[in-house]
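Beneath this line is the structure, given in structure tokens, with notes to follow.
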Amino acid sequence: FTMDEGLSKAVREAFVRLHEEGLIYRAERLINWCPRCTTSLSDLEVEHEDRQGSLWHVAYPVTGTDRKLVVATTRPETMLGDTAVAVHPDDERYKDLIGRKIALPLTDREIPIIGDAILVDPKFGTGAVKVTPGHDFNDFEVGQRHGLPAIAILDPQARLNENTPAKYRGLGVVEARAAVVKDLEDAGLLEKVEPYPMSIGACYRCHTITEPSLSLQWFVRTAPLAQVAAQVVEDGRITFVPEGWSKTYLHWMHNIKDWCISRQLWWGHRIPVWYCPCGETIVSRQDPTECPKCHGTRLAQDEDVLDTWFSSSLWPFSTLGWPADTRELKTFYPTSVMETGYDIIFFWVARMVMMGMHFMKKVPFRTVFLHAMVVDEDGQKMSKVNGNVIDPLDVIFGAKLDSLVQKADSDGAPKEALANIKKRFTDGIPECGADALRFTLAALAAQGRNIRLSIPRVEGYRPFANKIWNASRFVLMNLSGFDADRFADNLRDGPREMPLSLPDRWVLSRLHRTIREVDGALEEFKINEAAGGLYRFFWNELCDWYIELAKPTLYSDSNEAEAATRKRMTQGSLAVALEAAMRMLHPFMPFITEEIWQQLPKAAGAPQSIMITLYPVADDGFLDDAAEKAMALLMDVVVAIRNLRGQYRISPAVAVDVVLQAAEDRSRSLLDSYRTIVLEQAKCRRVEVEGRAEPPVGSVKQVVGDVDVYLIIEGVIDVEAEIKRLEKDLGKAEKELEGVATKLANASFVERAPAEVVTRERGRAAETRTRIDSLREGLGRLQAFRH
């Protein structure tokens with residue numbers, strides 16, 4: 001869209017203004033060059049990777065003497081473009097040589113020996129450094145300081161050119177390096193070769209190794225722009241989330257270099273500069289028709305285009321009509337939040353701040369939220385070469401393995417990548433849906449950590465979408481006769497003025513506490529915590545508890561007025577909780593929430609779409625600490641009974657007797673008042689509530705706060721058979737733990753095995769210890785029961 005007419009006008013205006021202010025200039029300087037794309041690159045567009053290289057020690061004969069000056073270099077082929085050898089001016093080994101000449105090996109040229117305290121470290125290598133201003137950024141600076149010529153020895157395709165001896169011309173860098181090294185060896189000038197780790201720059205588009213090259217390009221003078229852009233972060237006018245990125249931003253701003261903005265590409269904004277044969281250069285907002293100096297009409301526009309980030313840096317205000325003083329610009333500039341990936345903090349964020357402060361005199365945004373990046377389950381960057389790319393459409397709609405392989409093969413993926421695809425997606429990719437994918441990404445988007453995405457993780461949230469759908473169907477099927485307007489009117493006076501049951505008051509309190517929690521997490525850009533809070537409320541509290549608690553009331557066929565009121569209150573609480581949950585979930589799962597919301601009964605005057613409703617706002621009037629504490633105790637008691645059932649393999653279909661002994665009067669009163677909840681939710685035949693006393697005969701116990709929960713198992717299970725089963729399971733678990741512990745105690749395994757394998761084994765050990773503790777506890781209870 002930056003190529004649209006309005007934004008193109010803004011780009012030209014920005015270029016011309018910066019040129020008029022002396023902040024854009026044209027110069028022949030050393031730039032990063034991609035020989036495959038045949039274009040210049042900014043420093044940020046060069047990706048560096050560590051590789052094992054070599055350090056060649058080459059002897060340069062000192063003219064008129066028998067001495068040789070040994071120079072260590074990682075690039076022997078560029079010596080053909082050397083214009084000096086530098087030593088430290090205080091180095092006693094070479095002080096007498098400064099000012100003398102050297103015979104440049106393999107050429108017919110002589111070059112000077114110079115003293116430079118900035119470039120040369122006497123302790124590194126031999127203390128002598130070859131200077132190639134045409135192909136090294138540091139050497140270029142040396143050349144500027146000492147007035148050395150810069151010789152370009154590579155053509156645009158990185159082949160040796162006419163500035164080198166005839167035998168090397170036309171060779172690529174790798175071939176030329178081999179030829180030069182052989183010739184140096186044959187001439188007796190190669191002293192030694194040793195391995196040397198080095199950082200290699202590559203083009204971010206095609207990953208071809210870049211070359212520092214001398215070229216005539218357009219630059220932005222960034223120092224004055226960066227000074228202001230750094231100040232607004234230091235002053236707190238712009239903040240970063242996570243905050244640590246501000247240090248990264250400021251470090252770059254304080255060490256910034258001029259920005260090369262011209263590109264030799266086919267597509268982009270043409271540089272608004274024209275050249276006349278008379279030598280005049282015209283920088284203009286409008287296409288000129290004649291030269292202002294000679295009035296000639298044979299004008300040629302500069303063939304280069306602007307770096308795409310130049311137009312993107314104007315985005316916060318160019319999209320609002322700038323350079324015109326539009327209503328939109330006055331209303332919406334500055335914006336509040338810029339959300340983007342940390343990988344383009346310099347490409348885009350920093351440049352938007354520079355341009356915003358320069359042209360608008362205001363920050364373009366107040367908060368920069370740098371989101372997590374999606375990588376594969378091993379933490380590796382996704383790439384077609386590795387075969388670990390997950391296409392969102394495949395996750396949404398599903399894809400068979402053969403179609404994944406066929407698609408990758410047509411994209412030119414290597415055999416290794418195809419093998420990796422078959423390994424990762426053995427059974428293809430199941431259909432998960434857009435909502436499940438979106439929620440997975442949100443749930444994993446913790447600040448400061450990349451999202452390790454795998455298909456099983458998305459599959460894990462697909463049941464959540466199903467849960468939402470099924471729970472909503474249940475609610476909608478049980479709202480017969482519900483009057484949304486009437487219930488909304490009653491709620492305006494607050495929940496305490498309504499005949500709500502304890503579960504009703506609890507779910508409305510938990511709803512508004514969740515709204516507050518989610519809102520707080522979103523305010524702090526903790527997207528994963530917001531998603532986690534929503535998941536817990538909907539699945540654990542609304543579905544697992546409240547809907548189950550509501551069923552007896554909803555299914556009651558009593559015609560009594562009190563029962564009818566109870567049913568109406570439960571219907572209203574369900575409808576309110578579900579409707580608010582849909583609004584909270586909508587940014588995370590827009591499709592299913594819109595569909596459900598459309599079917600929910602709503603008060604008159606509600607908007608036509610969920611996307612234009614108000615996001616839920618917490619109302620403290622609904623917060624009910626007493627209801628939450630009461631329900632917490634009841635729920636813990638129910639869970640304790642369920643755990644005891646599970647531990648001793650008592651079927652849910654078997655009704656059991658339970659005795660609850662509470663030390664405090666308050667707990668006894670609560671349990672006595674709501675024993676029906678315990679009886680129904682724990683599938684009990686009888687629930688007795690009493691004070692502390694002797695344990696009931698034939699029971700096993702679990703403690704919940706000040707309440708002892710006793711489950712009567714006498715006559716329900718075969719105690720001796722259960723003891724034997726637990727002893728057998730315990731023996732197997734202890735043997736399993738012993739095997740894992742032995743493996744982890746082996747230093748060789750821990751050091752050599754892949755990190756994920758070691759982590760998995762440690763997790764297995766922890767899980768087994770927990771299982772052993774549980775088995776021992778259950779066994780102890782039964783053995784005590786036996787005696």
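The values are calculated or read from the model by the stated rules, or taken from the named source; none is laboratory data. Since this is a predicted model, take the numbers as computed values, not measurements. Note: ideal-geometry Cβ built from the backbone for every residue, glycine included; neighbour counts use all protein chains shown. For the accessible areas, the whole protein counts, side chains as well, though only heavy atoms, and no ligand, DNA or RNA atoms are used. Shrake-Rupley method; radii C 1.70, N 1.55, O 1.52, S 1.80 Å.
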Fill in the blank from the handout: Note: among 366, 285, just one is more than 32 Å from the chain's Cα centre (by Cα), surrounded by fewer than 18 Cβ atoms within 10 Å (Cβ to Cβ) and among the charged types (D, E, K, R), namely 285
Handout entry: Residue check for residue 293: over 24 Å from residue 224 (Cβ atoms) and either part of a loop (DSSP other than H, G, I, E, B) or open to solvent by less than 50 Å² (accessible area, probe 1.4 Å) (or both)
Key = yes
Exercise for the section: Please specify each residue of region 589-608 satisfying the condition of being open to solvent by less than 10 Å² (accessible area, probe 1.4 Å) and assigned to a helix (DSSP H, G or I). Expected result: 593, 596, 597
Completion exercise
For region 50-77 the number of residues that are open to solvent by 10 Å² or more (accessible area, probe 1.4 Å), part of a strand (DSSP E or B) and in contact with a His (Cβ under 9 Å, 6 or more places away or on another chain) is 3
Fill in the blank from the handout: Restricted to region 78-97 and to residues being surrounded by 15 or more Cβ atoms within 10 Å (Cβ to Cβ) and part of a loop (DSSP other than H, G, I, E, B), the residue farthest from the chain's Cα centre (by Cα) is 94
Problem - Yes/no for residue 45 being out of contact with any strand residue (DSSP E or B) (no Cβ under 6 Å at 6 or more places or on another chain), farther than 24 Å from residue 148 by Cα and modelled with pLDDT under 95 - result: yes
Practice task
Select from region 736-758 the residues that are of a type in the set (A, V, I, L, M) and within 22 Å of residue 771 (Cβ to Cβ) and write down the one among them that is surrounded by the fewest Cβ atoms within 10 Å (Cβ to Cβ).
Solution key: 745
Problem - Qualifying residue in region 612-630 (condition: open to solvent by 10 Å² or more (accessible area, probe 1.4 Å), among the polar types (S, T, N, Q) and part of a helix (DSSP H, G or I)) - result: no
Fill in the blank from the handout: The residue that is nearest to residue 287 (Cα to Cα), considering only those in region 1-33 that are open to solvent by less than 10 Å² (accessible area, probe 1.4 Å) and at pLDDT 90 or above, is 16
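Got a sec? Which of 238, 200, 209 is touching a Cys at 6+ places or on another chain (Cβ under 9 Å) and β-branched (Val, Ile, Thr)? Steps first, answer last, please.
Values: 238 fails: touching a Cys at 6+ places or on another chain (Cβ under 9 Å); 200 fails: touching a Cys at 6+ places or on another chain (Cβ under 9 Å).
209 is the lone residue from the list that is touching a Cys at 6+ places or on another chain (Cβ under 9 Å) and β-branched (Val, Ile, Thr).
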Fill in the blank from the handout: Exception for residue 671 within (1) free of Cβ contacts under 8 Å to residues at least 60 places away in the same chain; (2) of a type in the set (A, V, I, L, M); (3) out of contact with any strand residue (DSSP E or B) (no Cβ under 6 Å at 6 or more places or on another chain) falls at (3)
Exercise for the section: Kindly indicate whether any position in region 301-312 is in contact (Cβ under 8 Å) with a residue 60 or more places away in the chain, surrounded by 20 or more Cβ atoms within 10 Å (Cβ to Cβ) and touching a Cys at 6+ places or on another chain (Cβ under 8 Å). Expected result: yes
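Yes or no, residue by residue, for (1) within 27 Å of residue 224 (Cβ to Cβ); (2) modelled with pLDDT under 95; (3) of a type in the set (D, E, K, R); (4) assigned to a loop (DSSP other than H, G, I, E, B):
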residue	(1), (2), (3), (4)
309	yes, yes, no, no
345	yes, yes, no, no
353	yes, no, no, no
358	yes, no, no, no
362	yes, no, yes, yes
